[in-house]
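Each remark here refers to the structure printed beneath this line.
Quick note: the coordinates plus some simple rules give every number you see, no bench work behind them. This one's a predicted model, so the numbers in the text were calculated from it and none came from an experiment. Cβ placement follows ideal geometry from the backbone for every residue including glycine, while neighbour counts extend to all protein chains displayed.
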Amino acid sequence: MRYKIPFNKPCFVGDEIIYMKDALLNGHISGDGIYTQKCSQLLERELGVRKVLLTTSCTHALEMCALLLHMKRGDEVIVPSFTFVSTVNAFVIHGATPIFIDIRPDTLNLDESQLERKISVRTKAIVPVHYGGVGCDMDTIKRVANHHGVIVIEDNAHGLFGKYKGQYLGTFGDLATLSFHETKNFTCGEGGALLINESNYIEEAEIIREKGTDRSRFFRGQVDKYSWVSIGSSYLPSDLLAAILYAQLEKRNEIQKKRRSLWEYYFHNLQEWAENLSIKLPTVPSDCEQTYHMFYLLLPSLDMRTRLIEFLKRLGILSVFNYLPLHLSPMGKKFGGKKGDCPVTEDISDRILRLPFYNELSQSDQDFIISALFKFK
Ligand SMILES: Cc1ncc(COP(=O)(O)O)c(C=O)c1O
């Protein structure tokens, strides 16, 4: 079905086509070409990260984390139940057991107050997700992790250029990941990145990303031939994709400014309406600079959400719900997940509704959506 207003639309804002053509003409369209380097350097410089490695997806960047941590059967990873499947699956395929933790009812981020009782001698990592690009309480998460000698891996799929207490998301964890999937603020269709804040991971990460070879060292002239030195896979995106991404990253301020104005327009115009219907709008703590990745409503009931989605659909507007609780999924249940384990997740998952949100959404589109919401009974 075609919607008058879709939920998401990939948007091209800059020199994507020019750079793609340039990459083609450069004669290097496999991984680690000029545009890959440009993207990595831009992100390293802007975020102040030791090393940025572009990957084929955020899922793959998370899998690289599992390999870097030498995950094995019996290791435990603390993950929010309210997240995309990859946050968890990336570790499970390497043998780890997910320990699901509930979320906070305000930011929908991992509830840091429950961390202490989830940690055991088997805990290898905590994986906070900055939901909607609003930062988790990294002070507490880091304090608990440091106290127990546990690694922190930020799943920052939503939060590129967001900040917590003035510091960029993705720079708190030992490792962090980004997504450039077409639903994200900056996209190349499918793509991601691994951010390395602890230098001791850099060399091994380069090897894992390059099929278990020391090809990166060879390209830097550090060895005169490259060979198979460890385990690894192929996590390099084509330089054609990096060319698209670089065009988007160059326009980062423009993109974020546009998304901020969309988010604020929804927020200001829906505030009174939401209050009257006991609908909650997103919460952004004062110490977080969010990324304006999404705009959601927390409705009072599942029934109201179902009716509202249907109502908007009839007017040609696609709104969607979000994650289903992972601890109650068929796989989650195999790990012992049961109803009541994460009550906030279970409740929020039933009541959340995301409104259309993409760079090219116009003010008249938003007016149309807002007036549709006002008509809903
Ligand atoms: C929180 C989170 N982590 C990871 C991913 C996976 O990203 P990718 O599609 O780049 O693998 C997503 C995808 O939307 C996500 O929302």
Can you pull out the trypsin sites (Lys or Arg not before Pro) in segment 274-369 that DSSP calls coil and that have at most 14 other Cβ atoms within 10 Å?
-> Lys338, Lys339
Per the Kirkwood definition applied to all pairs of different Cα atoms, how many angstroms is the hydrodynamic radius of the chain?
-> 21.5
Glu254 paired with Glu360, simple spin-label distance in nm, labels 7 Å along Cα-to-beta-carbon = 1.4
Mean 1/r over all different Cα pairs, inverted: what Kirkwood radius does segment 170-218 give, in Å?
-> 12.1
Determine the alpha carbon to alpha carbon distance for each of Lys280/Lys375; Lys118/Lys334; Lys9/Lys313; Lys258/Lys313; Lys21/Lys251; Lys118/Lys184 and list only those over 21 Å.
-> Lys258/Lys313; Lys118/Lys184
Calculate the length of the line joining the C-alpha centroid of segment 208-239 to that of segment 2-53, in whole Å.
-> 22
Classify segment 283-353 as rounded, prolate or oblate from the Cα gyration tensor: take a ≥ b ≥ c as the square roots of its eigenvalues, call it rounded if a/c is under 1.5, otherwise prolate when a/b beats b/c and oblate if not.
-> oblate
Square roots of 5 times each gyration tensor eigenvalue, C-alpha, segment 188-288, largest first, Å | 45, 17, 12
Sort out for me the Cα centre separation of segment 281-335 from segment 138-174, rounded to whole Å.
-> 24
Over segment 95-229, volume per residue of the alpha carbon convex hull, in Å³ = 147
So what is the calculated 222 nm ellipticity per residue for the chain, using -39500 (n - 2.57) for each DSSP H run with n of 4 or more, over all residues, to the nearest 500 deg cm²/dmol?
-> -11500 deg cm²/dmol
State the Kirkwood hydrodynamic radius of segment 244-377 in Å, one decimal place, computed from all pairs of distinct Cα atoms.
-> 16.6
Where a Cα-Cα gap under 18 Å defines reach, which lysines qualify for Lys211, not counting those fewer than 8 residues away within the same chain?
-> Lys225
How much of the calculated P(r) for segment 1-144 lies past 22 Å, in percent of all Cα pairs?
-> 56
So what's the net charge close to Lys251: Lys and Arg +1, Asp and Glu -1, counting the other residues with Cβ under 11 Å from its Cβ?
-> -1
Yeah, segment 1-82 with a ≥ b ≥ c from its alpha-carbon gyration tensor (a/c under 1.5 is rounded, else prolate when a/b outruns b/c, oblate otherwise) is oblate
Simple spin-label estimate for Ser234/Thr306, 7 Å along Cα→Cβ, in nm, reads 4.6
